[in-house]
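The values are calculated or read from the model by the stated rules, or taken from the named source; none is laboratory data. Just so it is clear, the model here is predicted, and its values are computed rather than measured. When we count neighbours, we look across all protein chains shown, and the Cβ atoms used for this are built from the backbone with ideal geometry, even at glycine.
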Amino acid sequence: MTKQPGKATGDHKGQREPMDKSMNMIKGSIRGGMKTVPLSTRISQEDAEFLSALKIDDANTPSEKLRVIIAEARKRQEGMQDYRSSLLMYQNMLNRLVTVSRELEMENQIHSEIVFRLTEWLPDMMAFTTAMGSELHRSRSVEDLKKIEEGITDRSFRLFQSILQMGITDSCPCYETNAVSKRMAEIVNLVNVIQK
């Protein structure tokens, strides 16, 4: 059977799918358990190029990438993420910032302890609230609500204390060595007010 030009014949690893002037036809499938449902969709040239360039582990073709994207969206929508899966997701979201900032730090022989600590802290905080939010949605328990408050408070104060430790001296390991010390006066005034 002769293949007509300009029409996709299916997914082939390593081969680019045909595109018309403004749209790209991607033929794939959505997997629901053991059942596979064929799906055809049109996306813009810009979205097709983005999908092609998108890096996803163990997903190479557009169809494979779409299945991963849909699976992740479904997890978020259904609130079925545990702490571990949420942590990995948020770490991945910050991966570009972390990678580029550390590359630039290496190239310029500089370092920011604030950036490092915050990018370590954020995924944990978000993963905790996501996982506990899912648990709270199921249990609707006041006890779980109290656990969320306690967990958020503990994490917030750990970060706060960690940053304040860098204000003990006038110079801290940041891009601007006075990044913490120049803000300490306001913190000290607030503490004095609380202690009165």
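General observations
- Residue satisfying condition, being assigned by TED's automatic domain parsing to the domain that holds GLY133 and either out of contact with any helix residue (DSSP H, G or I) (no Cβ under 7 Å at 6 or more places or on another chain) or among the charged types (D, E, K, R) (or both), within set LEU66, LEU94, LEU88: LEU88
- Tally of residues being surrounded by 15 or more Cβ atoms within 10 Å (Cβ to Cβ), at pLDDT below 95 and of a type in the set (S, T, N, Q) across the range 86-108: 2
- Qualifying residue in the range 1-14 (condition: in a loop (DSSP other than H, G, I, E, B) and modelled with pLDDT of 50 or more): no
- Single residue of the range 109-164 satisfying the filter (within 27 Å of LYS182 (Cα to Cα) and of a type in the set (Gly, Ala, Ser)) that is surrounded by the most Cβ atoms within 10 Å (Cβ to Cβ): SER112
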